[in-house]
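Take a look at the structure set out below.
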Amino acid sequence: MRVYVPLTLPGLAEAHKAGELGPGPLDAFAVTPALREWYVSDDIEELEYAALNRAGQASLRLLAADPGTARRRVVVALDVPDGDAVSDPDRGLDSAALGAVRIAGAVPFAKAAAVHADADDAEPDVRAAADALGAADQGDDDAQFTVDGAEDHELLWFAVQEVPNLIA
């Protein structure tokens with residue numbers, strides 16, 4: 001199963017150095033039954049893109065919690081056995097939990113299929129979105145517009161071999 005783990009650049013650097021993402025439990029996103037129902041598509045690529053975007057939103061939340069971190073969203077795509085990624089059936093249709101899964105233990109970095117991250121030119125919009133996130137959560141429409149602006153930037157695909165350059 002492909003899962004998407006939200007991180008920051010320092011988190012990616014730490015995982016790369018340690019050779020694993022963890023310790024567990026790890027919060028991630030995947031194509032879950034609830035995500036399938038919400039997205040109403042059978043196209044696995046569209047569903048995985050939706051899970052990736054959910055992880056990108058979670059990465060933005062990590063950035064908002066750590067003001068000193070470089071303002072680039074980061075998501076690591078991992079392949080794990082199906083039973084390793086567990087969704088909470090009680091939160092299945094909770095919009096905040098769509099696609100959310102939990103992995104009990106650390107995952108070797110060697111299981112990474114790719115890394116997705118913002119381009120350098122996305123940093124001003126991601127910074128503004130991270131700064132506005134709290135107000136958006138409180139219902140501020142202008143702040144939500146700013147947060148949505150970060151999603152106008154596609155997360156770029158990087159091969160695992162490119163991680164040293166990405167975190168340098």
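The numbers here are math on the coordinates, done by the rules we state, and not lab data. Bear in mind the structure is a predicted one, so any value in this text is a computation, not a measurement. Heads up, the Cβs are rebuilt from the backbone with ideal geometry, glycines too, and the neighbour counts pull from every protein chain shown.
The table below gives the values:
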quantity	calculated
Inter-label distance for Asp79 and Arg36, nm, one decimal - labels placed 7 Å from Cα along Cα-to-Cβ	2.0
Separation of the Glu45 and Asn165 label points, Cα + 7 Å toward Cβ, nm	2.4
Estimated inter-spin distance, Asp142 and Ala113, nm [label 7 Å along Cα→Cβ]	4.2
Distance between region 10-37 and region 95-112 - C-alpha centres, whole angstrom	4
